[in-house]
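The values are calculated or read from the model by the stated rules, or taken from the named source; none is laboratory data. The structure presented is a predicted model; accordingly, all values stated were derived computationally and were not measured. Cβ sites come from the backbone with ideal geometry, for glycine too, and all protein chains shown count toward neighbours.
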Amino acid sequence: MKIEDNRNDTRKFSDLVIGDIFTNDARFYYMKTENFYSENGKTTSIADEFNAVFLSEDYAGTKARFSPDEKVLLLDDVTLVLN
């Protein structure tokens, strides 16, 4: 079987808007969020700042951080299915 992925909507993370769904490696899916910080509300380093959450099943809800210039692939035709 041959699988061909013709999606080509690569852009910088900073070009996304809050709520956009994207991937950076085709294994995990994310949603861009407002910037938020570690649970104690104190920022001691950039590692305490987050701007996305995982949507992939095993990591759903886990915080993630992307740099503004990081290349990501916007997924603009996403469907949420509730069972």
Scanning the stretch 1-27 residue by residue, the ones that are modelled with pLDDT of 85 or more, of a type in the set (V, I, T) and either in a helix (DSSP H, G or I) or farther than 23 Å from A64 by Cα (or both) total 0
Restricting to the stretch 49-77, count the residues that are of a type outside the set (D, E, K, R), surrounded by fewer than 14 Cβ atoms within 10 Å (Cβ to Cβ) and over 15 Å from L16 (Cα atoms). 3
Can you find even one residue in the stretch 37-48 that is at pLDDT 90 or above and assigned to a loop (DSSP other than H, G, I, E, B)? no
